[in-house]
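Asker: I am attaching a structure below and will ask some questions about it afterwards.
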Amino acid sequence: MAKTTKTSCLKEFTKGIIRENPNLVGLLGMCPALATTQEAKNAIGMGLATTFVLLGSNIVISALRRVIPKSVKLPAYIVIIAGFVTLIQFLLHGYLPALYTALGTFLSLITVNCIILGRAEIFACKNNVWRSALDAAGMGIGFTLALFLVGSIRELGGAGTWMGIPLTKGFEIPILTQSPGGFFVLGCVIAIVSKIARKKPPRTIGCQGCPMSETCAASQGGCSK
Amino acid sequence: MNDTIKAPIVLTLICSAVCGLLALGNHLTKDKIAAAESQAIQDSLANAFGEAEYTTLDLQFDGVNQLFSNPDGTTIFDITTSGYEKNSQHLLIGIDENGEVSAISFVSISDSPTQSKKVQETAFLSQFIGQSEVNETYDAIAGATKSSDGVHTAVTRALNIYCNHKEEILHGKDN
C-alpha cells in the first residue's frame, strides 16, 4: 500500500516534466515561452517565478478547496494567484532588480497564465495539499525546463552566447532572437518532445474528458450524445 | 450556511488575508526596493554622465521625480513616462549648459524585451542628442511606437521645464 502511494506521488511529480509538460505537450503558457526566451537566464527567471506562484497557489487553493463556494471559485483563485504574483514582484524588485527589469510586463502577466489557473481548476481543487504541491512542483519544473531549452537554443543560435557567455560568436542567425525565430524554435522543440512523449490526440473526447461535462445537458442524459 | 451569504463572506475573507500578506510583504521588502532603485539611478548616472559627485537639486516640477546636477554644469532630469504600459520607462535626460540634450540613459524599462531593446539603441536615441528646442516630430521605431513615444515625451518634458525655468534651475545649482 505504502509503495503504491509512493509510486503515485512520484508519478504526480514527474508527469509534468515531459509526459504532460504544460508548455510543450499541453501548449499552455505560450506567451512567456515566446516573449521571455531571447536569453536563457531570463527564461530560467521566468520559469522559477511561475513555479513559485504555481506552488503557492496550488497549496493554498487545495487547502481551501472545501471552504470556497463554487459560485466564487474563479474570483477567489484569481485573488490568490495575483497575491503570489505581487509577492514575487516585491522579491525580484528588491533582490534581483536586473531580472525584474528584464522580465518587465510579463511578470505581472503570470496572473493570467493559463497553466496556473488550469492546475488550480483541474487538480488543486480536487486533491489534497501534498499531491497538489507535487503536481505544481512537477509542472513548474517542466515549464522552467521548456523555457530554458527554448531560451538556450535561441540565445546560442541567435546571439552566439549562452547565459551571457560568448560561445558561437560569428555563426549567429539573428532571426532566432526575434519573433519568427521564437515560433520556429518552439515548434521544433514541441515536435521533438511530442515524439518523445508519444502524445497522440484522442480519437474521441467523450463526456468525461470534456471541461463542460458538469454543466452540459448531454452528460446528464438530457439529450443524445 | 446559505451559499448566497457564504460566498461573499468567503471571498471577502480571502481578499482581506491576501491584502494583509501583501502589506507584510511590502513592509519587509520596501527598504530593499528603495535601495535597489537608488543604486540603479546611481549606476545609470555613472554610465551616462561619468563618475562624479552628483548634487540633488532642491526643486520640484510636475512630471519630474528628481533633478541632479554634475560639476560640468549638466542638469539631469529624472523622469518616469509611459511606454507600452503605464509608467514603464524611467529615464535620465541630461541637458548641458548650452541648453542642449547631452545624454539619455535608462534607469529601467519594463516594456516587452524586444521593444525595450529597440528604444535603447544609440541609432534611435541619437536623434534627440543636441536638441535645444522641443521638436514635435521624430522618427519612431516600427513595432515599438509607444515605447518611442515614451522617450520623446521625456525629452520634451525635460526641455520644456529647462527652457521655462532656466533661471530657477541655475540659481538652484548655485545654492
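The values are calculated or read from the model by the stated rules, or taken from the named source; none is laboratory data. As the structure is a prediction and not an experimental result, all values here were calculated from the model. Every residue, glycine among them, receives a Cβ derived from its backbone with ideal geometry; neighbour counts consider all protein chains shown. Side chains are part of the model used for accessible areas, which takes the heavy atoms of the whole protein and leaves out ligands, DNA and RNA. Shrake-Rupley method; radii C 1.70, N 1.55, O 1.52, S 1.80 Å.
Asker: Find the relative contact order for chain B and round it to a whole percent, using C-alpha pairs within less than 8 Å whose residues are 6+ positions apart.
Answerer: On the way: 232 pairs, mean separation 28.6, N = 175.
With pairs under 8 Å counted, the relative contact order is 16 percent.
Asker: Run lengths n ≥ 4 of DSSP H only: what is the helix-derived mean residue ellipticity at 222 nm for chain A, with -39500 (n - 2.57) per run over all residues, to the nearest 500?
Answerer: The helix-only estimate for chain A comes to -19500 deg cm²/dmol at 222 nm.
Asker: Would you pull out the residues with amide H under 5 Å of B:G83's amide H, same chain only if 5 or more places away, H placed 1.01 Å from N?
Answerer: B:S88, B:Q89
Asker: Let me ask you something else. What fraction of the Cα pairs in the protein assembly as shown, stated in percent, has a spacing above 38 angstrom?
Answerer: 35
Asker: Top to bottom by accessible area (1.4 Å), largest first, where do A:Y95, B:Y54 land?
Answerer: Largest to smallest exposure gives the sequence A:Y95, B:Y54.
Asker: What residues have an amide H closer than 5 Å to that of A:L28, excluding those fewer than 5 places away on the same chain, when H is modeled at 1.01 Å from N in the peptide plane?
Answerer: A:N23
Asker: Return the distance in nm (one decimal) between the two label points of a simple spin-label model at B:T4 and B:T145, each offset 7 Å from Cα along Cα→Cβ.
Answerer: Result for the modelled spin labels: 5.0 nm.
Asker: Once both axes come from the Cα atoms, what is the angle between helix B:145-164 and the longest principal axis of chain B, in degrees from 0 to 90, rounded to 10?
Answerer: Helix B:145-164 sits roughly 60 degrees off the main axis of chain B.
Asker: Now a separate question. Any idea how far apart B:N47 and A:I196 come out in nm if each label point goes 7 Å out from Cα toward Cβ?
Answerer: So the label points at B:N47 and A:I196 sit 3.6 nm apart.
Asker: Per residue of region A:43-53, what does 6.51 cos²θ - 1.76 cosθ + 1.60 with θ = phi - 60° give for ³J(HN,Hα)? Whole Hz please, x for Gly and Pro, Karplus curve as stated.
Answerer: 4, 5, x, 5, x, 5, 4, 5, 4, 4, 5
Asker: Toward the positive end of the charge dipole of chain B, about the Cα centre and with charges on Cβ (Lys, Arg +1; Asp, Glu -1), which of B:F49, B:L67, B:C19 goes farthest?
Answerer: The Cα lying farthest towards the positive end belongs to B:C19.
Asker: Hey, any idea what Rg/Rh is for region B:105-175, computing Rh the Kirkwood way over Cα pairs?
Answerer: So for region B:105-175, dividing Rg by the Kirkwood Rh gives 1.05.
Asker: Given H placed on each backbone N at 1.01 Å, which residues far from B:A103 in sequence or on other chains put an amide H within less than 5 Å of it?
Answerer: Here B:G94 satisfy the definition.
Asker: Which whole-Hz ³J(HN,Hα) couplings does region A:93-102 yield from phi under the Karplus relation 6.51 cos²θ - 1.76 cosθ + 1.60, θ = phi - 60°, glycine and proline marked x?
Answerer: Values, residue by residue: 4, x, 9, 10, x, 5, 5, 4, 5, 5 Hz.
Asker: Taking the Cα centre of region B:55-174 as origin and charging only Cβ (+1 Lys, Arg; -1 Asp, Glu), how large is the dipole, in debye to the nearest 20? Could you put the intermediate results ahead of the total?
Answerer: On the way: 7 positive and 17 negative charges, 95 e Å.
Value, rounded to 20: 460 debye.
Asker: May I ask you to order B:79-89, B:7-17, A:19-29 by the average number of other C-beta atoms within 10 Å around their residues, highest value first?
Answerer: Result, highest mean first: A:19-29, B:79-89, B:7-17.
Asker: Per residue of A:93-101, how many C-beta atoms from partner chains lie within 10 Å of its own C-beta, taken as a mean?
Answerer: Mean inter-chain Cβ contacts per residue within 10 Å come to 5.
Asker: Using only helices, what value at 222 nm comes out for chain B when you add -39,500 (n - 2.57) per DSSP H run of length 4 or more and divide by the total residues, to the nearest 500 deg cm²/dmol?
Answerer: -16500 deg cm²/dmol
Asker: I need the peptides A:87-94, B:66-73 ranked by packing, meaning the mean over residues of other C-beta atoms within 10 angstrom, with the highest value on top.
Answerer: A:87-94, B:66-73
Asker: Can you give the mean number of other chain Cβ atoms that lie within 10 Å of the Cβ atoms in peptide A:23-36?
Answerer: Mean shielding count: 0.
Asker: Kindly report, to the nearest 10 Å², the accessible surface of A:M30 as traced by a 1.4 Å probe over protein heavy atoms only.
Answerer: 50
Asker: Taking square-rooted eigenvalues a ≥ b ≥ c of the alpha carbon gyration tensor, is chain A rounded, prolate or oblate, where a/c under 1.5 means rounded and, failing that, a/b exceeding b/c means prolate?
Answerer: Verdict is prolate for chain A.
Asker: Please compute the length gained on full extension between A:R19 and A:V112, using 0.36 nm multiplied by the number of residues separating them and subtracting their Cα-Cα distance.
Answerer: That pair, A:R19 and A:V112, stretches by 31.1 nm at full extension.
Asker: Sticking with this structure for a sec: Compute the projected area of the convex hull of the Cα atoms of chain B, averaged over all viewing directions, and report it in nm² to one decimal place.
Answerer: Averaged projected area of chain B's Cα convex hull equals 14.0 nm².
Asker: Now for a different question. Let me know the mean shielding of B:34-44 by other chains, meaning the per-residue number of their Cβ atoms within 10 Å of its Cβ.
Answerer: Per residue, the number of nearby Cβ atoms from other chains is 2 on average.
Asker: Might you report the magnitude of the Cβ-based charge dipole of the protein assembly as shown about its Cα centre, with Lys and Arg at +1 and Asp and Glu at -1, to the nearest 20 debye?
Answerer: 3820
Asker: Which of the three applies to region A:1-115, rounded, prolate or oblate, going by the alpha-carbon gyration tensor with a ≥ b ≥ c and a/c under 1.5 meaning rounded? The partial results should precede the final answer.
Answerer: Values: a/c = 1.92, a/b = 1.29, b/c = 1.49.
Note, shape of region A:1-115 comes out oblate.
Asker: Using only protein heavy atoms and a 1.4 Å probe, report how much of B:E97 is accessible, in Å² to the nearest 10.
Answerer: 130
Asker: Which one of A:S132, B:A7, B:G94 is farthest out on the positive end of the charge dipole of the protein assembly as shown, using unit charges on Cβ (Lys, Arg +1; Asp, Glu -1) and the Cα centre as origin?
Answerer: In the protein assembly as shown, that residue is A:S132.
Asker: What list of ³J(HN,Hα) values in whole Hz, one per residue of region A:141-150 in order, does the Karplus curve 6.51 cos²θ - 1.76 cosθ + 1.60 (θ = phi - 60°) give from phi, with Gly and Pro shown as x?
Answerer: For region A:141-150, the Karplus-derived couplings read 5, x, 5, 4, 4, 4, 5, 5, 5, 5 Hz, x marking Gly and Pro.
Asker: Tell me which chymotrypsin sites (Phe, Trp or Tyr not before Pro) from region B:93-152 have a DSSP coil assignment and no more than 16 other beta carbons within 10 Å of their own.
Answerer: Numbers: sites: B:F106, B:F124, B:F128, B:Y138; in loops: B:F128, B:Y138.
Within region B:93-152, the qualifying chymotrypsin sites (Phe, Trp or Tyr not before Pro) (loop, at most 16 other Cβ atoms within 10 Å) are B:Y138.
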